[in-house]
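Heads up: the structure comes next, in structure tokens.
The values are calculated or read from the model by the stated rules, or taken from the named source; none is laboratory data. Note that the structure is predicted; figures quoted are calculated from it, not measured. Cβ placement follows ideal geometry from the backbone for every residue including glycine, while neighbour counts extend to all protein chains displayed.
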2 protein chains.
Amino acid sequence: MSITGVYKGLDNVPIKETVISTIDGEKGKLYYVGYSVEELAEKSNYEEVSFLLLHKRLPTGEELKDFSNKLMKERTIPNEIWSILEKTPPGAPLMDKLKAGVDLLGLFDGEAEKTDKAARLSTAIRIISKIATLVAGVYRLKKGLQPLEPDPGLNHASNFLYMATGKKPNALESKIMDVTFILHAEHELPASSTAALVVASTLSDLYSAVSAGIGALKGPLHGGANERALEMLMSIKTPEEAEQYVLRELASKRKIMGFGHRVYKTFDPRALIFKSYLEQLSEMRKDRKLLEIANRIESVMIRELGSKLIYPNIDLYSGPVFNLLGLDKEIFTPIFAAARSVGWIAHILEYWEDNRLIRPRAVYIGPGPRRYVPVDER
Amino acid sequence: MSITGVYKGLDNVPIKETVISTIDGEKGKLYYVGYSVEELAEKSNYEEVSFLLLHKRLPTGEELKDFSNKLMKERTIPNEIWSILEKTPPGAPLMDKLKAGVDLLGLFDGEAEKTDKAARLSTAIRIISKIATLVAGVYRLKKGLQPLEPDPGLNHASNFLYMATGKKPNALESKIMDVTFILHAEHELPASSTAALVVASTLSDLYSAVSAGIGALKGPLHGGANERALEMLMSIKTPEEAEQYVLRELASKRKIMGFGHRVYKTFDPRALIFKSYLEQLSEMRKDRKLLEIANRIESVMIRELGSKLIYPNIDLYSGPVFNLLGLDKEIFTPIFAAARSVGWIAHILEYWEDNRLIRPRAVYIGPGPRRYVPVDER
């Protein structure tokens, strides 16, 4: 391997091997352990996908029942943690509350420092389960409501939606929430997974790694983008206005939220799946406004920028879907974090099988070596 | 730039340019902005070094006074945060309490989300100042003591030592604590700085980035190593036993703590500086036991492994120094974090001048594409 220059952004630099997922950016395909996300979204569920990512194979019926049961039993959060989070400033970002919540979970988890394989897997299940409860809870606290008890009769995604909104979801809402969790579960090595992996490569604990992932996902260049895409859609009144908006922004060389991706050079497959559910949900709600605005933005963008390989990404359609599910935009990125926790952890567990401390270099371009000058001579 | 293979560990892969620091691993030299750490340790102080790292030049007298004053004024921690940290389990790792403390500081800091240059610099100063108070406070809380009020008459390092131990340091103790902060302030891109940088590259906030740095530093392959080096030294009774210990461990192919470094292929210059202060401190305390054991381990290791370029690193001598300053080993890595906060932030501020999202890749080696198999057919 020859290394010359500076690999800023680590574009196209592979830092690990994986069997967890692969993205075909040219064809717009995403596979988890070889299965396409289209098929998983249609036929699987988040519990099964989590097992798949952690164990790198689909579970048997018995294994799935056992795994789902374990996830269900770990949903509660100690009351001490709720009462701490309740006292944090209402105006602070939900992602920061979630991160503090995960750190506190780690502090209160007496098993967090165990390093054998079985203990790490149990910790993984605790985190993946509880992080959804945390997201719903900090969301409700911010609205001045109390966190709700998990409902053991609902699956992971439906229970999350219930804990966030206080309403039991119907069949379509349940399916959409499950698909949301499946499609956000894993995406190879974006910044959040990379941050989590760097932390884990020092043999630090899983809570610390997940906390770093949340900190990275918060950024507007990463998970923070879905909120902004919805803000854009909601600021536009009609499809005609949408066309004018896109042309005006492009003329001013500004970026349009919900488009373009470091890896995809065509449609993000997740965007297409969300789009089809947005159509169903808009039909059910008899409210097609966001759908029509997003559709128009998409067609204008493809007309104007398709040749530059800038296509819709997941953020364009996930925001409107969440909005029609009755969720405020501040919970969008936290939902992404709750779903992605399994992807972060799967990559860490895989990396730990043959760990190497991640320690890159910087290229020095500064002055010196030079002598120190005492302050009265400066 | 041609990229082939997997850059696992990112060994020797530069991910940014910098004027902040450079390591000459062959010669065993470390420079901050062109000034050798030997000269800075002798003639400068942590406040000045922090200014140097953040502004990439030494301050004038007036600037130094102003900067030191700002740092001094930001030392206090809101009482709400102390009362939260007081309720966390006493047995939990101090690094986790520190991380939760930093996340809570971010939650309570109404300015944390501001992104203009001046606001970011103010946030940087708040973090660098308060993190030392947090470290001393969680250390005292864990011992069942109350955090102490900062003493505005003491400089950053001396005040930290006072807040941790409850005793005003004498001249040598003050100097050693200041040198400790200087020598731990910056070291290019170890895993902790990399984790902080990955988080910051999404344009997330400084608290989230520093929190990720703490999570990475906690790991036994990184900051956690200094505790273990002291454990080793304290488990040995005499220099003769030390020699036997090293030979026995090497024969069993085990690593000796406090030796070897990814970048240094000779003495870590910081180890040599700490060694000279350990000599002075041992003299003052009339207690040369740890010094003599460390010296013997060093000479046996160099005799046995010097040809393999495995030399003492900073951890071999920092632990005994902290021990003779009256500090328990659980505070060693948190001290490292408090001092390094400025290095993490300096790299982030430098990177933000021309930011690029850090998004590496993984090489897929798994099965597929393949069709989903329903659970009853598995």
Residue in segment A:210-223 that is of a type in the set (D, E, K, R), in the same structural domain as A:Leu316 (by TED's automatic domain parsing) and not in a helix (DSSP H, G or I) present: no
Lone unmet requirement of (1) within 14 Å of chain B (Cβ to nearest Cβ); (2) among the polar types (S, T, N, Q); (3) out of contact with any Gly (no Cβ under 6 Å at 6 or more places or on another chain) for A:Ser318: (1)
Output for segment B:273-290, where each listed residue is part of a helix (DSSP H, G or I), within 8 Å of B:Leu324 (Cβ to Cβ) and charged (D, E, K, R): B:Arg285
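Which residues, taken from segment A:186-208, are aliphatic (A, V, I, L, M) and surrounded by fewer than 24 Cβ atoms within 10 Å (Cβ to Cβ)? Write out each step before concluding.
So the first thing to find is which residues in segment A:186-208 are aliphatic (A, V, I, L, M), and the list is A:189, A:191, A:195-200, A:203, A:206.
Within segment A:186-208, just A:Leu203 meets the criteria.
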Conditions (1) surrounded by 16 or more Cβ atoms within 10 Å (Cβ to Cβ); (2) closer than 28 Å to A:Glu227 by Cα; (3) free of Cβ contacts under 8 Å to residues at least 24 places away in the same chain; number of the one not met by A:Gly91: (1)
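Among the residues of segment A:108-124, are any in a helix (DSSP H, G or I) and within 13 Å of chain B (Cβ to nearest Cβ)? Quick ask: steps written out before the conclusion?
Here is the first cut: in segment A:108-124, the ones in a helix (DSSP H, G or I) are A:108, A:117-124.
Now restrict to residues that are within 13 Å of chain B (Cβ to nearest Cβ): A:108.
Scanning segment A:108-124 turns up at least one residue that is in a helix (DSSP H, G or I) and within 13 Å of chain B (Cβ to nearest Cβ).
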Residue match in segment B:188-208 (condition: touching a Leu at 6+ places or on another chain (Cβ under 8 Å), more than 7 Å from chain A (Cβ to nearest Cβ) and assigned to a loop (DSSP other than H, G, I, E, B)): no
Residue list for segment B:248-272, filter: closer than 30 Å to B:Ser36 by Cβ, among the small types (Gly, Ala, Ser) and either in contact with a His (Cβ under 9 Å, 6 or more places away or on another chain) or assigned to a loop (DSSP other than H, G, I, E, B) (or both): B:Gly258, B:Gly260
Which listed residue, of B:Glu188, B:Glu173, B:Glu111, is in contact with a strand residue (DSSP E or B) (Cβ under 9 Å, 6 or more places away or on another chain) and not hydroxyl-bearing (Ser, Thr, Tyr): B:Glu188
Any chance A:Val300 is within 14 Å of chain B (Cβ to nearest Cβ), under 22 Å from A:Glu26 (Cα atoms) and β-branched (Val, Ile, Thr): no
Where a residue in segment B:8-36 is at the interface with another protein chain (Cβ under 7 Å from one of its Cβ atoms) and without any contact (Cβ under 8 Å) to a residue 12 or more places away in the chain and its partner, wherever it lies, is surrounded by 18 or more Cβ atoms within 10 Å (Cβ to Cβ) and of a type in the set (Asp, Glu), with Cβ under 9 Å and at least six apart: B:Glu17/B:Glu350
Criterion (touching a helix residue (DSSP H, G or I) at 6+ places or on another chain (Cβ under 6 Å), of a type in the set (A, V, I, L, M) and within 19 Å of B:Ala185 (Cα to Cα)) met by exactly one of B:Leu316, B:Leu349, B:Leu324: B:Leu316
Hits in segment A:32-44 (condition: in contact with a Phe, Trp or Tyr (Cβ under 8 Å, 6 or more places away or on another chain) and of a type outside the set (Gly, Ala, Ser)): A:Tyr35, A:Val37, A:Glu39, A:Leu40, A:Lys43
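Here is a yes/no grid of residues against (1) within 29 Å of A:Gly260 (Cα to Cα); (2) within 23 Å of the chain's Cα centre (by Cα); (3) among the aromatic types (Phe, Trp, Tyr):
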{"residue": "A:Arg288", "(1), (2), (3)": "yes, no, no"}
{"residue": "A:Glu292", "(1), (2), (3)": "yes, no, no"}
{"residue": "A:Arg303", "(1), (2), (3)": "yes, no, no"}
{"residue": "A:Asn323", "(1), (2), (3)": "yes, yes, no"}
{"residue": "A:Arg359", "(1), (2), (3)": "no, no, no"}
{"residue": "A:Gly368", "(1), (2), (3)": "no, no, no"}
Pair list, Cβ under 7 Å, 6 or more apart: segment A:260-283 residue on the phi > 0 side of the Ramachandran plot, other residue polar (S, T, N, Q): A:Gly260/A:Asn313
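Condition test on B:Leu161, is it in contact (Cβ under 8 Å) with a residue 24 or more places away in the chain, touching a Pro at 6+ places or on another chain (Cβ under 9 Å) and not in a loop (DSSP other than H, G, I, E, B)?
Values: in contact (Cβ under 8 Å) with a residue 24 or more places away in the chain: yes; touching a Pro at 6+ places or on another chain (Cβ under 9 Å): yes; not in a loop (DSSP other than H, G, I, E, B): yes.
It is true that B:Leu161 is in contact (Cβ under 8 Å) with a residue 24 or more places away in the chain, touching a Pro at 6+ places or on another chain (Cβ under 9 Å) and not in a loop (DSSP other than H, G, I, E, B).
Of all residues in segment B:112-154 being of a type in the set (Gly, Ala, Ser) and farther than 20 Å from B:Glu86 by Cα, which is surrounded by the fewest Cβ atoms within 10 Å (Cβ to Cβ)?
Keep residues of segment B:112-154 that are of a type in the set (Gly, Ala, Ser), which gives B:112, B:118-119, B:122, B:124, B:129, B:132, B:136-137, B:144, B:153.
In the following step, the residues that additionally are farther than 20 Å from B:Glu86 by Cα were identified as B:112, B:118-119, B:122, B:124, B:129, B:153.
Numbers: B:Ala112: 21, B:Ala118: 8, B:Ala119: 13, B:Ser122: 15, B:Ala124: 21, B:Ser129: 22, B:Gly153: 10.
Result: B:Ala118.
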Residue pairs meeting the criteria (Cβ under 6 Å; at least 6 apart or on separate chains; first touching a residue at least 40 places away in the same chain (Cβ under 8 Å), in segment A:319-336; second not in a helix (DSSP H, G or I)): A:Thr333/A:Gly223; A:Thr333/A:Gly224; A:Phe336/A:His184; A:Phe336/A:Gly223
